[in-house]
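Structure first, commentary second.
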Amino acid sequence: MNRILALLLLLLLPQPTLLAADTGWLQAPEHPPVQVRLVQTGPFDAAANHYPALLQVRLADDWKTYWRSPGEGGIAPRLDWQSSANLLGVDWRWPLPERFTLLGVETQGYRRDVDFPLQLTPADGSLPVRLDATLTLPSCTTICVLTDYHLQLDLAPDVVVADEALYHRYQQAVSRVPRPASLVKAQRLVWDKAQQQLAVSLHNPRGWRQPAVFVDELDNGIFSQPRLSIEGERLEARFKVGSWDPELDLNQQVVVITATDEGLAEELAGPIEAGVLPPPVAAQVSLPLVLLYALLGGLVLNIMPCVLPVLGLKLNGLLLGHRSRADVRRPLLLSAAGILLSFWLLAGFMLALTWSGAQLGWGIQFQQPAFIGFMLMVTALFSLNLFGLFELHLPSGLSTWLATRTGRGSGHLLQGMFATLLATPCSAPFLGTAVAVALASSPLVLIAIFTGLGVGMALPWLLLALFPGFIRLLPRPGAWMLKVKWLFGLMLLATSLWLLSLLRPAIGTPASLALLALLALLALWSLLHRHGTRGLLFGLAGLLLLGALGGSLALLTQSRWVSPVKDELAWQPLDPARIAREVAAGKRVFVDITADWCITCQANKIGVLLREPVYGALQQEDLVLMRGDWTRPDGMITDYLRQHGRAGIPFNQVFGPGRPDGRELDVLLTTNQVMDALAEARR
């Protein structure tokens, strides 16, 4: 009787719940930036004959791991599960990767957090599975580490997942895995052995917007980041193929292709055929039109605040030092030659970086603190010299040598080159299009386009050299020229302060303030040394008067320029993969790619983005703001610009339900254009 009562009591008591297996977070003591976890995310799926599991990887800071096809310098993660019990197979599913470039080496993989869905197939579905495996996970920054993690799980057919959010993460991870192709069709895969290139032609009846194409590497071939060209529903991806085999031949080999676009991620396979590749569709552009864009882009650079002081100084020097037509023509031609020489040097620099695999863009040298420091030193010395605070006296022998060679004009040549260096942080209309086509074209076309840019920028100098009589139309030399000289000095001093602000993140605020104080003390000491105490007092009084006049003018005109003092918009880091998801959720996305050294970007920010009504419109609840900061090199931002045919910034784009493909805005923003784009994206 007691046994029966005990049995009934056991039946009435609540039965224990069998929870899903979980390894917990594992971390190697010798490599703490990486953590891994393997967890069962649901009961046994009898219909599909597998256990669902999720392999989670957490990567700190800039650490990355790799895709199944890692690229030139990576190793794919691997899982050795041969010691497991009742396990027939492990299907590792790979979410879409990103592309990375470091020191000219291209790789494909993941950064920060990544979830890999696994499907574990048992040998006998009625018995539990014991997973006993070793995960070998590579992780890299500028160095690479290979770490082993021992994973053990006892899986049971009937389990309860305690955390439903974990099952949701599993479903999200599965959704990021490309599906077997249903829309995309491979039209032709052509291998050109002479060019060592593979062309993949894909057809999508919905058309292409922002595609990306990956080809899984072979045992004897690795496929670089492709050059894409779109023609209607047809997409051609042109890959350079790297190999250790000098006799590489991909004819009749089968490759796996992953094609992605907005709301699309599909995987297909196809055989390769031998052939001869024509020029890519994107390269078949109207070269005369692009050269016209280059000419106009270079011409507009002359009125940018970076260059205008140099042109003004040249005219000032001609008025003071030359009167005959020949004396006017020679320095102008030499300065124009200096501009052209600088653009040719830039073209050679771009070609060298292209062949090394580096990321390219207009103004990228301003991402280097050393270059900014050099330009700061040059502009500061020039401005102080224009103020007459010091003069450089050459040794008598050198002065005599130069005096006997006047007219040879190395100084005029260097002046033109200096103007070009100051022009590179300025992005003007037509310039971005020309540079983007140049970087995506053959070396000959690139040199031709940069020559067009140089001719455009040198055009005012050349016209004055061709018609030197125009110089005589300017007022005769007099006291007014000293005032103009001071004006140009102030403009160059403003350029120096701007360069110092760019250098501050690299050297720190204390060092920046010390440099600023040094410049001020140097100027005051030189003023005192040259003009005495009276000159110093007059100089300080003049600066105070100028400041007061500037402040008064600002107060009187504040209604025309006032904007929020601080950018309090809710900017988030640029995430190209997230844009389509936000649009699918009914939201609009405003993309702003900028940099501290980009003068046009700052003009857009102060003149449009931080002024009403745009400032208020950018705070609406259905608007997601994404900003890419290109102040320092960033491969992801460079790739994004390249996908949109841009090589320079600023770059702004608006997405939304009414414009899922995105609307690109002009280089120079206007209030009406931004408001129209935001309204169009909402429809």
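Laboratory data are not the source of any read-out in this text; all were calculated from the coordinates shown. None of these values were measured; they are calculated from a predicted model. Note that we place each Cβ from the backbone using ideal geometry, even for glycine, and neighbour counts take in every protein chain shown.
How would you rank Trp63, Trp461, going from fewest to most other Cβ atoms within 10 Å of each one's own Cβ?
Ordered from fewest to most neighbouring Cβ atoms within 10 Å, Trp63, Trp461 come out as Trp63, Trp461.
Given the Cα atoms of the range 185-282, and with Rh set as the inverse mean 1/r over their pairs in the Kirkwood sense, what is Rg to Rh to two decimals?
Here the Rg-to-Rh quotient is 0.95.
Go through Leu87, Ser175, Ala133 and say which Cα lies farthest out towards the positive end of the charge dipole of the range 62-182; charges sit on Cβ, +1 for Lys and Arg, -1 for Asp and Glu.
Result: Ser175.
So between Asp629 and Asp124, what do we pick up on full extension, going 0.36 nm a residue minus the alpha carbon distance?
Net length gain for the segment: 176.4 nm.
Would you work out the Kirkwood radius for the range 571-682? I mean one over the mean of 1/r across all pairs of different Cα atoms, in Å.
Across the range 571-682, the inverse of the average 1/r is 14.0 Å.
Sorting Thr147, Thr142, Thr107 on the 10 Å Cβ count, fewest up front, what's the list?
Ascending number of Cβ neighbours within 10 Å: Thr142, Thr147, Thr107.
Place a +1 charge on the Cβ of each Lys and Arg in the range 185-282 and a -1 charge on the Cβ of each Asp and Glu, then give the dipole magnitude about the Cα centre in debye, rounded to the nearest 20.
The calculation lands at about 380 debye.
Would you mind computing, in nm to one decimal, how far apart the modelled labels at Asp61 and Ala570 are, each placed 7 Å from Cα along Cα→Cβ?
Reported label-point gap for Asp61 and Ala570 is 3.1 nm.
Test of understanding: what is the full-extension gain from Ser182 to Gln82, defined as 0.36 nm times their sequence separation minus their Cα-Cα distance?
Taking 0.36 nm per residue and subtracting the Cα distance, the gain is 32.5 nm.
Between beta-carbons, use under 10 Å as the cut-off and find the net charge around Gly662, counting Lys and Arg +1, Asp and Glu -1.
0
What FRET efficiency would be calculated for the residue pair Gln152, Trp525, taking the C-beta separation as r and a Förster radius of 60 Å, to the nearest 0.05?
0.20
About its Cα centre, how strong a charge dipole does the range 34-177 have in debye, to the nearest 20, once Lys and Arg get +1 and Asp and Glu get -1 at the Cβ?
It works out to roughly 320 debye.
Taking each pair of different alpha-carbon atoms in the range 158-222 once, compute 1/r for the pair, average those values, and report the inverse of that mean as the Kirkwood hydrodynamic radius in Å to one decimal.
15.9
For labels at Ile230 and Gln602 in the simple 7 Å Cα→Cβ model, what's the distance in nm?
3.5
Give me the net charge for the shell around Ser201: Cβ to Cβ below 9 angstrom, other residues only, Lys and Arg +1, Asp and Glu -1.
It works out to a net charge of +1.
Can you divide the C-alpha Rg of the range 34-177 by 2.2 N^0.38 Å and report the result to two decimal places?
1.09
Most exposed first by the Cβ proxy, i.e. fewest other Cβ within 10 Å, how do His203, His150 rank?
His150, His203
Distance in nm between label sites at Asn49 and His31, each 7 Å beyond Cα in the beta-carbon direction?
Those two pseudo-labels are separated by 3.5 nm.
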